[in-house]
Amino acid sequence: MPPIRVLFVCLGNICRSPLAEGAARKLVRERGLEHRFRFDSAGTAGYHEGEPYDPRVRKVLADHGALFPHTARRITAEDYRAFDWILGMDEANLRDLQRLAPPDAAARIALVTEPWGGGRVTDPYYADDWACEQTYLELEDLVARWLERWAHDEDGPEGAA
Ligand code: 4NP
């Protein structure tokens, strides 16, 4: 079975989407599922392109054993063809993702919260260290739920619909 390819997307690719990617990489490592998934992250904007994560994000990821090599980048047209899922963090991400999508986009685009009510994930960029920890925990929980869905093939690359 080919791996399920998932791209987490936020605005700047220095806070929320790297927190989600770090949580996802950690969970599949712990569960021995690394061969079944590929994770990456990107931003809808290029403000922080080439930069590492926000320092608060680095600390939280390190605290959770979830650090991974990361350089912020902006989403590309190729991403829409290469990934099975593109998961955004809030409604603005979703609107930007739809606006930037090429005509031959193959990825399914959704809010990371979509199956569970569709609320926004708080952006710790505008908050404090504690908010960053809370956002990590929220995203780890959401990613764990997505892994359950994908494990049961509810939303695998071929889809269940
Ligand atoms: P992120 O947070 O989208 O979760 O990475 C932000 C990062 C940078 C900016 C806004 C949000 N910014 O305006 O530069």
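Details
- Spacing of the two label points (7 Å from each Cα toward its C-beta) at residue 114 and residue 71, in nm: 3.0
- Whether segment 1-110 is rounded, prolate or oblate, judged on the alpha carbon gyration tensor where a/c under 1.5 counts as rounded: oblate
- Radius 13 Å from Cβ of residue 130, net charge of other residues (Lys, Arg +1; Asp, Glu -1): -3
- Value of [θ]222 nm, deg cm²/dmol, for the chain, DSSP H segments ≥ 4, -39500 (n - 2.57) each, nearest 500: -12500 deg cm²/dmol
- Remark: spin-label model distance residue 1-residue 91 equals 3.5 nm, labels positioned 7 Å along the Cα→Cβ axis.
- Backbone N atoms of segment 8-23 closer than 20 Å to the 7 Å Cα→Cβ label point of residue 106 belong to residues 8-9.
- Inter-label distance, nm, simple model (7 Å from Cα along the C-beta direction), residue 134/residue 30: 2.2
Values quoted throughout were computed directly from the atomic coordinates according to the rules given, and no laboratory measurement underlies them. Quick caveat, the model's predicted, so the values are computed rather than measured. Neighbour counts run over all protein chains shown; Cβ positions are idealised from the backbone, glycine included.
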